[in-house]
Structures are given as structure tokens and as C-alpha cells.
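What follows is a short report on a single structure.
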Amino acid sequence: MYVYLQVVHRLTEQIRAGRLPVGARLPGERDLADEYGVAVNTVRRAIRELRDQGLLITVPVKGTFVCAKEPSSNSGDDDKPTG
């Protein structure tokens, strides 16, 4: 398993368990890298993956925040406006 996927899994579990609730700001990349014993680039890749899944959102200058309880299981069609 790729190391970044281990970080993805651990962060996902924290979100599902409520330790990182919706709206919570994640620690900085360096802090996460230290916490998980990985390189900053590994954390960046994990965050990018979780953003792609719809779990996180990054707001420039403000940080990265939890925006959903679980990754989206649909293709995103439900978000398209009707009419």
C-alpha cells in the first residue's frame, strides 16, 4: 500500500469517528507529516486525494477543512441543477 493511502485512511477514520467533524480545520501539512511520520509531500498527496473524494476543501490562506462525513459514492450527477 502506498504511504499516502495510509494517511488517507487514517484521516478518513478520524472524520468518520467524529474526531474531525464537518467544518474542522486540519492541522498544517508539516504538523500532519510529523504526526504520521511521513514527508510533507505524502501529506499533500493524501489531502489532494481526500479533496477529490469530496471529504476536504482547501481555502487559500485559511487552510484545509472537513466538508463531508464520508466520500461521495456517486458520480456527482446529483449535484447538477435540474431544469
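Amide H contacts of LEU20 (H built 1.01 Å from N, in plane; Pro and chain starts excluded): ILE15 sit under 5 Å, all sequence-distant by 5 or more or on other chains.
The 3J(HN,Hα) values that the Karplus relation (6.51, -1.76, 1.60; θ = phi - 60°) gives for region 56-65 are, in residue order, 10, 9, 10, 10, x, 6, 8, x, 10, 10 Hz. Gly and Pro appear as x.
Phi-derived couplings, Karplus 6.51 cos²θ - 1.76 cosθ + 1.60 at θ = phi - 60°, listed residue by residue for region 16-24: 4, 7, x, 6, 10, x, 4, x, 5 Hz, with x used for Gly and Pro.
Where a number appears in this text, it was derived from the coordinates with a stated rule and is not lab data. Predicted model, so just to flag it, every value in this text is computed and none were measured.
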